[in-house]
Amino acid sequence: MNAEQAVAPERTRGFSVRLREARNLGLVGVLAVLVLIGALTEPGQFLTTGTLVLVLTQASVIGVITVGMTFVIIGGGIDLSVGAVVALATVWATTRSTQAFGITGIVFTAVAVGVGCGLVSGLLIAYGRLVAFIGTLAMLASARGLAIQLSQGRTQTVTAKNQALVDLGYQDSYVLGIPPLVLIFAAVAIVGWLVLNRTTFGRRTYAIGGNLEAARLAGINVKLHTCLLYVLSGLCCGIASVMLIILTSSGTSGNGNLYELDAIAAVIIGGTLLTGGRGTLVGSVLGVLVFTTISVLFTLNNLPTAVQQLAKGVIIVLAVLVQRRASLYSSERTSS
Amino acid sequence: MNAEQAVAPERTRGFSVRLREARNLGLVGVLAVLVLIGALTEPGQFLTTGTLVLVLTQASVIGVITVGMTFVIIGGGIDLSVGAVVALATVWATTRSTQAFGITGIVFTAVAVGVGCGLVSGLLIAYGRLVAFIGTLAMLASARGLAIQLSQGRTQTVTAKNQALVDLGYQDSYVLGIPPLVLIFAAVAIVGWLVLNRTTFGRRTYAIGGNLEAARLAGINVKLHTCLLYVLSGLCCGIASVMLIILTSSGTSGNGNLYELDAIAAVIIGGTLLTGGRGTLVGSVLGVLVFTTISVLFTLNNLPTAVQQLAKGVIIVLAVLVQRRASLYSSERTSS
Amino acid sequence: MTLLEMTGIGKGFPGVRALDDVELSVAEGEVHCLLGQNGAGKSTLIKVLAGAHRPDTGEIRVGGEPVELPNPTAAIRCGIATLYQELDLVDGLSVAENIFLGHEQASAGWVRRAKMRADARNLLDRLGHREIRVDREVGTLSAAGKQIVSLARALSLDARLIVLDEPSAVLASDEVANLFRVIRGLTERGVAVVYISHRLEEIREIGDRVTVLKDGHTVATGLPARTTPTTDLVALMTGRRVEYLFPPRPAEDAFAERPVLLEVENLGVAGEFEDVSFSVREGEIVGLAGLVGSGRSEVLETVYGARKPTTGQVKLAGKPLRRGVTSAVRNGLGLAPEERKSQALLLQESVARNVSLASLRRYAKFGWFNARAETTAVRRHTEALDLRPPDIRRPAGKLSGGNQQKAVLARWLLKGCRVLLLDEPTRGVDVGARAELYRVIRDLADSGVAIVLVSSELPEVLGLADRVLVMREGRVLTQARDLDERAVLDLILEEQERAE
Amino acid sequence: ACTSNEEPAPAAQNAPAPAQDTPGKKVTVGFAGPQADHGWLNAITVNARAEAQRHPDVELVVAEGSNDAATQSAQIDALINRKVDVLVVLPADGKQLTPAGRKAMDAGIPVINLDRIFDSPQAYRTWVGGDNYRMGVNAGNYIGQQLKGQGTVLELAGIDTLELTRQRTQGFDDALANYPGIRKVGRAAAEFTVPTGQARMAELLQAHPQFNAIWNHDDDQGVGALQAVRQAGRSDFLMVGGAGSKAAMEQIKDGNSVLKATVLYPPTMSASAIRLARLLGQAKGVSDLAEQEIPASVTTFSAVVTKDNVDKYLPVSFE
Ligand SMILES: Nc1ncnc2c1ncn2[C@@H]1O[C@H](COP(=O)(O)OP(=O)(O)OP(=O)(O)O)[C@@H](O)[C@H]1O
Ligand SMILES: Nc1ncnc2c1ncn2[C@@H]1O[C@H](COP(=O)(O)OP(=O)(O)OP(=O)(O)O)[C@@H](O)[C@H]1O
Ligand SMILES: [Mg+2]
Ligand SMILES: [Mg+2]
């Protein structure tokens, strides 16, 4: 666990800072390598703004979810329900009755559903004292069930009257060549970073994840804070749902399938500890980009699924090892 | 972190022992309630040996995997690769070339593949110092990929000459009315319990999960032990694969889909801490039984998928709350 | 006038009556000392005062009017700041953030980092620790470093009443001097201090009045700290007469012909310490004296194989020792580490399992474990160390600080090793048990075990060790049998003096 | 999942001959299918339930949809224990559930095997299903004709761990083999969900700035795929769908998207299965056939739906 805390010598800069930067540097390195591979294997297609836009767009939805997940995991919890919540939010926001209220109706519903689910999980975990894993697992099942119930298993498309929302996904609504979705992602990530690093809420999140008892003794309302973390994650799911509707012009109970795994993986490979208390948002975002780049790379090279999966496994391992090189100190910790 | 040390009962027997028993008692209670519901809603069907056999059979495959998972999680790790490893093992064990070696060939291959994958994960995590989550995630991707590669997406059936293996699944090979699969499950569970509670290996597992550094400084070879935990989990996957082949007379890359989630959920609801160092095998087994009973209950009551999912979520929450009642002392802990 | 009045306080944990009808009254501007054996209830009492535990019975009055302290926040609002015995800091956060955790310098939720850093800097300077940087991650500090930060944290609340639960346990003498300077500064401003320590000489120096706890009862209150004779205090605490003495040391030449067991040859770890060489003969006790941060723990951890040396080697009975803890333990080395909570104990496991952790093999045939043999053996040793409560089935995390330390020692007594490395073995151990421990350690030595002892309490090192190494900044200054306290202090402080 | 406010069950199109419609002895039909979280599969359950409703003498018992073979085989056991008269099974995987089918047949319960076929005829009484291979063939041929034998094509497949995906791809490739001038330059597996459909399609479009046609195995993921096409602002190729969802057919009808056709894989087969189950239970035959007995296999035809014939097929489309 805390082998690396056995008194370490002073360095010119803080341990944590160095470590985190190093890790992220490592991930940047990994990205660079991937780009290089892309450039070599697909000279024509890969090195185009088109690909860049594509990667960013594909990363945006899961990216927003990952921001929320980062908070939850740093706070010592986990949220398995994100995928199901996205499904429910997209479905609810695209029912006939909701769409009758126009775009505001859709956006509001999606966000409300997300926040609502987050609140329920939060209450169950913080006040109902359920283990985060179980609490959000229950939410996962219920949300999916409700989504199927609402949609009757149908794929609900956005009606013509709300077409304007879907148009946001089209090229003519790009801002200086940047898709609105990417802008939303960027905004969420930046706000998230500020909250995590510059506000008491963010710093207390680290405290709760790192040493719950210490946080409690310091007079922090750990229950309330824990609850808020899941609300935050739910909010991100709500936003992500709107983005997904823009992207697919539809809502189905099959949406967001296994998003939880993707998001958690991105967070962890970004250097956040599953045990909480340590981690960075930059790392998580980089993690998302790595995974999306990989998948784009695969399709561009037209690899068969089997090879893709194999390669993915290998790349994950290599990615982490590259990080290791960059950040020598993480060694002790990660062995647990 | 150390919130759960808040209070301890002073009894002739230790705190932990009582707490665990209490929790498990709770789960037994949950099972009882479920059976009651079954009996009330489906008087004709539910209270039959047929149903009992059904539940146990359905629990057996995932149950064996859960045994391995329990060791890994108590040891402070996690194994996301179980499902994929099962897929790979079933596929590899049912290739023409393997089946040529007859039943022993099939069994040996399945187990060997399981152990092999476990060893690789173990080495990556213990000596390569990857975070367990990432290491096994990589194994997940690779194993699935390899499975698809080997099977070319085909479903490979057991050839006539090895039919004897599949026959183990049929009525006429039941032993005193108990299906062989259930017997295997029981055997694995019992052996697992003995290893965990009656051997130094088990003791070390708790120690490593409870405080890695303390275990290390006490002279335990934590790397080796960690590695062995994943080998053990792999072994269980191998056995489970053989059972799955018996059950389905075939192997395909689609097998074991999301088994990791089911297994982890069973372990956690069984009262094992995701942070390691604490937990019981009895609890995990009861957890598996609870989940399978729920799904059988649904089938018998012929509920639509949507309602089932919803109900599942609710039942999970209730189950944990019932446990809470039974084990007052766990309260502090789960709030983290 | 009296600032704090606690009357009839009672607190029970399942099975233990930690506090029963306890009285405590503290006047403004006084240093009120709490004395008591391990497990007497001191920490529990101050946790009640800090709102961390809810008392079952009793009343608390602050400045005359009765108060409810349902949670830590309430206590902090009442102007009560607490330094807990178990270092409760967040490893992931910086020093400054830890100091101000829960009462951050912030406007509208936004942390004012510059101000926070500056204030943290001031606090640490006040404590005489310029070398601890405010944005260093707390997890990377030594035990002492963390203790300093906790102190700064207690000060940062600028409270009316400051409670210090064994603040000096991990501090070396010079640090303690600093601490006292700070405390005096506080009391002059009318701030009251509740001070818990097992070191009577400290009580004499800083304390005004003393309250003595025994088995959860108040056995004496308001005793004058300076004039009450030691023997009385000890008698009150332990209920028996303990002559606070070190067991006699064997004659100087007693070891001459004994074989050398442990040989450390110019061992070094880059950035921690360099060129450390010494040897320990069978049955000899070698002490390492030095300031906090002089690298003594590192030396022990490196000898033990927990750290990779960059230079030099360790020999056991002439044979070079293979790298790694596992081989060290197999060859009969044992280490009682500095931070029991994070480095030694399985807090959730029973005492028995904690004690037997290093000797599992002995109680197993082909990996098959014999729990009965284990518990009987464990019980023998915990009784020898008089662990309280004597139930070896309760989780280690539930033991009082000092008793946890005993459990760690019992582990190595049970293992029965040839070389024993003790890092701050008496940290937080009470007077009575301490005398016991010294005897145990000496007996071990007499039975042929070679012992290396690190302690921040000079009298302990000098009184117990047959030979003392004095370290400063990772270098060994001298080795000698008979050094007097003054001389050693001059040696290790020299550097500082020149600095100032 | 069967709700009143949905249009009359497609199976109602050609009402069965009165001779068989006269209510006979009560028949309990057990139904086990994969999870209904996907348009086509959902339609299967919906149609089955709807059809059962239309027959007062049929009681339908639906088991939890599951995509896990082990779970499903256990569920079939449950239905056997329940002693249903006839069993309709759409297995998660035909080969894997063969033993389960065997068990039912051995227990004297006739099994109607829906779509994903069992390994051995001993495992089912009658098979009703589509033809994945032919689906691919028809898609390939249609594209071949449209492109006049010249050009490059892409394939957006479903889940690669499913055998049906392999069969569809096989058929598609075999058909394209008839057109030497046509090359398949790219393929991606889109997992049958809308978001993945969008993602994989977007990537394919980026990878292939120029191509002439694409076959998408499944109209559900097609929803996402078509979005990707619009987002990329492309219209320089023709797209052929699969299965035949309502949305897809409507777009074909409008004709203003790249989607020009879809290859049917009619979920009405479940309705037919229920009818046959009922007849089996009542020991009746299919009156329009000469045989006394119900045929051992019924294969639905994977028609290619285009602008010209779309109106005919709209009623059997699913949402
Ligand atoms: N959280 C807890 N749960 C159960 N028992 C506890 C708990 N905390 C303390 N105790 C018990 O209460 C008694 C008093 O403990 P406390 O920590 O107050 O002693 P102490 O005077 O601080 O001893 P030390 O000098 O070793 O710190 C001990 O018997 C201890 O085992
Ligand atoms: N004044 C200090 N306070 C806290 N930590 C310090 C201080 N000076 C140095 N350190 C850190 O502690 C490390 C050495 O501490 P270590 O515990 O090994 O020394 P020690 O002599 O064992 O002191 P202790 O009495 O704490 O055991 C140094 O490498 C440095 O990182
Ligand atoms: Mg104490
Ligand atoms: Mg030290």
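Laboratory data are not the source of any read-out in this text; all were calculated from the coordinates shown. These figures come from a predicted structure and were not determined experimentally. No Cβ is skipped: glycine too gets one built from the backbone with ideal geometry, and neighbour counts run over all protein chains shown.
About the Cα centre of chain A, what is the dipole size in debye to 20, counting +1 per Lys and Arg Cβ and -1 per Asp and Glu Cβ, all else neutral? Don't skip to the answer; put the middle values down first.
Numbers: 20 positive and 11 negative charges, 128 e Å.
Value, rounded to 20: 620 debye.
Given axes a ≥ b ≥ c from the Cα gyration tensor, I'd like to know whether segment C:242-327 is rounded (a/c under 1.5), prolate (a/b larger than b/c) or oblate.
Details: a/c = 2.21, a/b = 1.39, b/c = 1.59.
Cα axes put segment C:242-327 in the oblate bin.
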Query raised in the report: Span-like helices, chain B: DSSP H, alpha-carbon axial extent 24 Å or more, mean Kyte-Doolittle -0.5 or greater, which ones?
Result: B:15-41, B:49-74, B:102-122, B:132-151, B:180-198, B:222-248, B:281-301, B:305-326
Query raised in the report: Which value, in debye to the nearest 20, gives the size of the charge dipole of segment A:172-323 about its Cα centre, when Lys and Arg are +1 and Asp and Glu are -1 at the Cβ?
Result: 500
Report summary line: Expressed as a whole-number percentage, the relative contact order of chain D with C-alpha contacts under 8 angstrom and at least six residues apart is 19
Requested in this report: Before anything else, pin down the relative contact order of segment C:75-169: Cα pairs under 8 Å, at least 6 apart, normalised by residue count, whole percent.
Outcome: 49
Query raised in the report: Expressed as a whole number of Å, what is the distance separating the alpha-carbon centroids of segment C:46-121 and segment D:217-260?
Result: 62
Report summary line: Sorting from shortest, the nanometre distances separating the label point of B:GLN163 (7 Å past Cα along the line to Cβ) from those of the same residue in the other copies are 6.2
Report summary line: Checked segment C:10-73 with the C-alpha gyration tensor, a ≥ b ≥ c its square-rooted eigenvalues, rounded below a/c of 1.5, otherwise prolate if a/b is larger than b/c and oblate if not; verdict oblate
Query - Positive-end residue, chain C charge dipole about Cα centroid, Cβ charges, pick of C:LEU262, C:SER168, C:GLY207 - result: C:LEU262
Query raised in the report: In percent, how large is the relative contact order of segment B:70-155, given Cα pairs closer than 8 Å and 6 or more residues apart?
Result: 43
Report task. Determine the distance separating the Cα centre of segment A:230-287 from the Cα centre of segment C:427-498; give it in Å without decimals. Result -> 55
Query raised in the report: Hey, got the dipole for the protein assembly as shown? About the Cα centre, +1 on K and R Cβ, -1 on D and E Cβ, debye to the nearest 20?
Result: 1300
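Show me the ranking of peptides A:210-219, D:163-172 by mean Cβ neighbours inside 10 Å, starting with the highest.
A:210-219, D:163-172
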Report task. Set Lys and Arg Cβ to +1 and Asp and Glu Cβ to -1, take the dipole of the protein assembly as shown about its Cα centre, and tell me which of B:PHE101, D:GLY222, D:ALA277 lies farthest positive. Result -> B:PHE101
Report summary line: Output field shielding_mean for B:90-97 (other chain Cβ, 10 Å radius) holds 0
Query raised in the report: So what is the diffusion coefficient of segment B:168-311 in µm² per second by Stokes-Einstein at 37 °C and 0.692 mPa s, using a Kirkwood Rh over Cα pairs?
Result: 187
Query raised in the report: To the nearest 0.05, how large is the calculated FRET efficiency for D:LYS83 and C:SER447 if R₀ is 56 Å and r is the Cβ-Cβ distance?
Result: 0.10
**Report entry** For segment D:16-159: span of alpha carbons on each principal axis (Å, largest first)
**Finding:** 58, 39, 28
Requested in this report: For a label point 7 Å from the Cα of C:ARG130 along Cα→C-beta, name the residues of segment C:153-179 whose backbone N is under 17 Å from it.
Outcome: C:175, C:178
Query - Pair D:ASP311, C:LEU245: separation of 7 Å Cα→Cβ label points (nm) - result: 11.7
Query raised in the report: Farthest toward the dipole's positive end in chain B, which of B:GLN309, B:SER121, B:THR199, given Cβ charges of +1 (Lys, Arg) and -1 (Asp, Glu) about the Cα centre?
Result: B:THR199
Report summary line: Beyond 27 Å (Cα-Cα) in this structure, taken from C:LYS146/C:LYS315; A:LYS312/B:LYS312; C:LYS42/C:LYS415; D:LYS25/D:LYS83; C:LYS315/C:LYS365; C:LYS315/C:LYS398, we find C:LYS146/C:LYS315; A:LYS312/B:LYS312; C:LYS42/C:LYS415; C:LYS315/C:LYS365; C:LYS315/C:LYS398
Report task. With a Förster radius of 60 Å, plug the Cβ-Cβ distance of C:ARG481 and A:LEU318 into 1/(1 + (r/R0)^6) and report the FRET value to the nearest 0.05. Result -> 0.55
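Please give the net charge around B:ARG144, taking every other residue with its beta carbon less than 14 angstrom from that of B:ARG144, where Lys and Arg add +1 and Asp and Glu add -1.
Details: positive: A:LYS312; negative: B:GLU260, D:ASP160, D:GLU191.
Combined, the nearby Lys, Arg, Asp and Glu give -2.
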Requested in this report: Pop out the Kirkwood hydrodynamic radius of segment C:141-200 from its pairwise C-alpha distances, inverse of mean 1/r, in Å to one decimal.
Outcome: 11.9
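Shielding of C:220-227 by partners, i.e. mean partner chain Cβ atoms within 10 Å per residue?
0
Does segment B:18-145 come out rounded, prolate or oblate, given a ≥ b ≥ c as the square roots of the eigenvalues of its C-alpha gyration tensor, rounded meaning a/c under 1.5 and, failing that, prolate meaning a/b above b/c?
Details: a/c = 3.07, a/b = 1.44, b/c = 2.12.
Taking the square roots of the gyration eigenvalues as a ≥ b ≥ c, segment B:18-145 is oblate.
Determine, from the Cβ-Cβ distance of D:ASP173 and A:VAL28 and an R0 of 51 Å, the FRET efficiency 1/(1 + (r/R0)^6), rounded to the nearest 0.05.
Working: r = 41 Å, r/R0 = 0.81.
After rounding, the FRET efficiency stands at 0.80.
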Report task. At 7 Å along the Cα-to-beta-carbon direction for both A:TYR127 and B:LYS161, put a label point, then send me their distance in nm to one decimal. Result -> 6.7
Report summary line: Under 14 Å by backbone N from the virtual spin label 7 Å along Cα-to-Cβ at A:ASN197, the residues of segment A:273-301 are A:279-286
Query raised in the report: How about D:LYS260: which lysines have a C-alpha closer than 23 Å to its C-alpha, ignoring those fewer than 8 places off in the same chain?
Result: D:LYS148, D:LYS184, D:LYS246, D:LYS307, D:LYS312
Query raised in the report: Fully extended, how many nm does the chain gain between C:ALA220 and C:SER279 (0.36 nm per residue separation, minus their Cα-Cα distance)?
Result: 16.5 nm
**Report entry** q = 0.15, 0.23, 0.24 Å⁻¹: log10 I(q)/I(0) that the Debye formula gives for segment B:178-253, counting C-alpha atoms only
**Finding:** -0.64, -1.03, -1.08
Query raised in the report: Quick one: helix C:371-384 against the long Cα principal axis of chain C, what's the angle to the nearest 10°, folded into 0 to 90?
Result: 70
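Extension gain A:ALA112-A:ALA39, at 0.36 nm per residue separation less the Cα-Cα distance, in nm?
Working: separation 73, 0.36 × 73 = 26.28 nm, distance 4.27 nm.
Working it through step by step, the gained length comes to 22.0 nm.
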**Report entry** Cα→Cβ-extended label distance, 7 Å offset, between C:THR57 and D:SER120, nm
**Finding:** 7.9
**Report entry** In Å, descending, principal axis extents of the Cα set of the protein assembly as shown
**Finding:** 117, 74, 66
Report summary line: Taking the axis of the rotation relating chain A to chain B, the A residue whose Cβ comes closest, together with that distance in whole Å, is A:THR275, 3
Query - For chain B, built as a Gaussian network whose Cα springs stay under 10 Å, the top-fluctuating residue of B:VAL115, B:VAL314, B:VAL290 - result: B:VAL314
Report summary line: Summing -39500 (n - 2.57) over every DSSP H run of at least 4 residues in chain B and dividing by its residue count gives a helix-only mean residue ellipticity at 222 nm, to the nearest 500 deg cm²/dmol, of -23500 deg cm²/dmol
Report task. Whole Å is fine, so just give me how far the alpha carbon centre of segment A:67-86 lies from that of segment C:219-271. Result -> 53
Query raised in the report: Which distances in nm, rounded to one decimal and ordered from shortest, link the label point of B:ALA39 to the equivalent label points in the other identical copies, with labels set 7 Å from Cα toward Cβ?
Result: 7.2
Query raised in the report: Once the Cα atoms of helix D:69-81 and of chain D are each reduced to a long axis, what angle between those two axes, in degrees from 0 to 90 to the nearest 10, is obtained?
Result: 20
